[in-house]
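Take a look at the structure set out below.
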Amino acid sequence: DTGVSQDPRHKITKRGQNVTFRCDPISEHNRLYWYRQTLGQGPEFLTYFQNEAQLEKSRLLSDRFSAERPKGSFSTLEIQRTEQGDSAMYLCASSSSYNEQFFGPGTRLTVL
Amino acid sequence: AQKITQTQPGMFVQEKEAVTLDCTYDTSDQSYGLFWYKQPSSGEMIFLIYQGSYDEQNATEGRYSLNFQKARKSANLVISASQLGDSAMYFCAMRVSSNDYKLSFGAGTTVTVRA
């Protein structure tokens, strides 16, 4: 069990560019979550997958954001036309039951 | 909507002493779960402990224990015998209902352990 992994760990981009992040959950975890955390705040829920189905999206997830989980394994989060307000830590978590969520190390995005 | 409140922005504790981190929550659901996470400066969220709303016993995991007072809607984390490595941000989080797994987090409490 290698834990949840995320790639890249850091991303610096210019405003208007597209970025894509990847999350590999703990193997056999059927639930996968994306959260966003800004400086000094707790994480905020973005979206949730059960297997390959995206079951819920927060209103924080604007039309510029899209997430996928093909084949119910890894997941990608894409942000199109990035804005400075998108700068944050993007956290991925996975679980196999209701009483746990294990987080990855996060991807820190800086939009210049 | 559910809400988590952590009223202590920062705390100092002497090494080897115990520290209590406050967490209150608000929900109308009868079935819910409470989590505590540690986030060191590296940024990773480390799961510490879980308490279910129907659990009769307070949860314990090593030096971590959760003081669950359901009537007061509080779920305080107690860290015993503090170590320098406990210096970090600590978040309380809640999920509500058996079909909604997403977590709602508090604003966090920064703990600094002094030698």
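Only the coordinates and a few stated rules stand behind these numbers; no lab work does. Because the structure is a prediction, the values reported are computed rather than measured. All Cβ positions, glycine included, derive from the backbone under ideal geometry; neighbour counts span all protein chains shown.
Below, the figures for the structure above:
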read-out	value
Most mobile listed residue (B:80, B:97, B:42) in chain B, GNM with C-alpha springs under 10 Å	B:42
Residues B:7, B:109 arranged by fewest to most Cβ contacts within 10 Å	B:7, B:109
Relative contact order computed over the range B:1-88 (Cα-Cα under 8 Å; 6+ residues apart), in percent	33 percent
Residues B:16, A:14 arranged by fewest to most Cβ contacts within 10 Å	A:14, B:16
Cβ charges +1 (Lys, Arg) and -1 (Asp, Glu), total dipole of chain A, debye	460 debye
Computed lengthening from residue A:7 to residue A:97, 0.36 nm per intervening residue step minus Cα-Cα distance	30.0 nm
Cα→Cβ-extended label distance, 7 Å offset, between residue B:18 and residue A:63, nm	5.6 nm
Simple spin-label estimate for residue B:31 and residue B:55 in nanometres, 7 Å along Cα-Cβ	1.7 nm
Ranked list, fewest to most other Cβ atoms within 10 Å of each Cβ, for B:19, A:4, B:78	B:78, B:19, A:4
FRET efficiency, residue A:71 to residue B:63 (Cβ-Cβ, R0 41 Å, nearest 0.05)	0.55
Taking chain A and dividing mean pair separation by its residue count, relative contact order in percent (alpha carbons under 8 Å, at least six apart)	37 percent
Cut-off under 5 Å, modelled amide H: who pairs with residue B:87 long-range	B:113
Shielding score for B:36-45, defined as the mean number of other chain Cβ atoms within 10 Å	5
In order through the range A:16-28: 3J(HN,Hα) via Karplus (6.51 cos²θ - 1.76 cosθ + 1.60), integer Hz, x for Gly, Pro	x, 7, 9, 9, 9, 10, 10, 10, 10, x, 4, 4, 6
Highest average packing first - A:85-97, A:49-61, Cβ atoms within 10 Å	A:85-97, A:49-61
Within the range B:19-83: Cβ-based charge dipole about Cα centre, in debye rounded to nearest 20 (Lys, Arg +1; Asp, Glu -1)	160 debye
